[in-house]
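Please read the structure below before turning to the comments.
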Amino acid sequence: MDFLDPNIIKDARGIQTNEYLETSVADVWAAGDIANYFDIFFQTHQALGDWANAFMQGVLTGGNMTGNKNPLLSLFNYSITNLGIQISFIGNTALQEGTEAISRGDLGQKKYERFFMKNDILQGAIMINVFADRAVITELIQEKINLSEKKSSLSDMSFSLQTLI
């Protein structure tokens, strides 16, 4: 078997898989930093390079290899805390054509959020020192909740995202 088969490696972002982390070659799977998996939330391929996602993908792939097939239902997220600042990324945080960015912050409290919307649906967010909003943001993205009626409130730091779900 040729593991450098061009059907597996489509670009420099890793080995392309489906949502089950299967490659196009029978009985060849990929997980972790090397996997460029099909993201069912955004209907595109994603490559995630951090240990938490790699661990989760490894567990899922092991189960899928045994015949208990489940898709990867994890939304991209990455968090780091350094020098007293907590930064989190959730979902698709690329400012692409058709994507609108809405920011809010409180300099005194050292808090900031930037939301990435497409067609009034939240696609992703960057958060600084606002860890409490992670669960709500994740649910808004996964459930594809239309935020057109509340979009103007997103720029107000005092607006609670919890009211959106």
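The values are calculated or read from the model by the stated rules, or taken from the named source; none is laboratory data. These numbers were taken from a predicted model, which means no experiment stands behind them. Positions of Cβ are generated from backbone atoms using ideal geometry, with glycine treated the same way; all protein chains shown enter the neighbour counts. These area figures cover heavy atoms from the full protein model, side chains too; ligands, DNA and RNA do not enter into them. Shrake-Rupley method; radii C 1.70, N 1.55, O 1.52, S 1.80 Å.
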- Item | HN-Hα J in Hz across segment 55-64 - Karplus 6.51, -1.76, 1.60, θ = phi - 60°, x for Gly and Pro | 4, 4, 5, x, 4, 4, 4, x, x, 5
- For D39, list long-range residues whose amide hydrogen, built 1.01 Å from N in the peptide plane, is under 5 Å from its own amide hydrogen. T44, H45, Q46
- When you have a sec, figure out the Kirkwood radius of segment 47-165 from all distinct Cα pair distances and drop it here in Å to one decimal? 15.5 Å
- Query: Karplus couplings for segment 80-90 from phi (6.51 cos²θ - 1.76 cosθ + 1.60, θ = phi - 60°), rounded to Hz, Gly and Pro as x?
  - Reply: 8, 10, 8, 6, x, 10, 9, 10, 10, 10, 9
- Which value in nm describes the separation of the simple spin-label points at S155 and M56, placed 7 Å from the Cα toward the beta carbon? 3.2 nm
- 3J(HN,Hα) from dihedral phi, segment 139-155, Karplus parametrisation 6.51/-1.76/1.60, rounded to Hz, x for glycine, proline: 5, 4, 5, 5, 8, 6, 6, 6, 10, 4, 6, 10, 4, 5, 6, 5, 7
- Task: Please give the per residue accessible area of segment 1-157, computed with a probe of 1.4 Å over protein heavy atoms only, in Å².
- Result: 56 Å²
- Taking a threshold of 27 Å on the Cα-Cα distance, which of the pairs K110/K144; K69/K144; K111/K150; K69/K118 fall above it? K110/K144; K69/K118
- Pair D120, T81: separation of 7 Å Cα→Cβ label points (nm): 3.8 nm
- Task: Please report, in cubic angstrom per residue, the volume enclosed by the convex hull of the alpha-carbon atoms of segment 101-151.
- Result: 68 Å³
- Task: Can you tell me the relative contact order of the chain? Whole percent, Cα pairs under 8 Å, sequence separation 6 or more.
- Result: 14 percent
- Per-residue ellipticity at 222 nm attributable to helices in the chain (runs of n ≥ 4 DSSP H, -39500 (n - 2.57) apiece, nearest 500 deg cm²/dmol) works out to -5000 deg cm²/dmol
- Message: For the full complex of protein chains and a 1.4 angstrom probe, list R114, R134 by accessible area with the highest value first.
- Response: R114, R134
- Here FRET efficiency (C-beta to C-beta, L95 to E143, R₀ 25 Å, nearest 0.05) is 0.65
- Message: Under the rule of at least 5 residues apart or a separate chain, name every residue whose amide H is placed under 5 Å from the amide H of Q123.
- Response: F116, M117, K118
- Task: Could you give the size of the charge dipole of segment 27-165 about its Cα centre, using +1 on the Cβ of each K and R and -1 on the Cβ of each D and E, expressed in debye and rounded to the nearest 20?
- Result: 200 debye
- One finds the C-alpha centres of segment 56-123 and segment 28-46 to be spaced, in Å, by 15 Å
- Query: How much of the accessible area of the chain, in percent, comes from carbon and sulfur atoms when a 1.4 Å probe is used?
  - Reply: 53 percent
- Once amide H atoms are placed 1.01 Å from N in the peptide plane, what residues at a sequence separation of 5 or more from G49, or on another chain, have their amide H within under 5 Å of its amide H? none
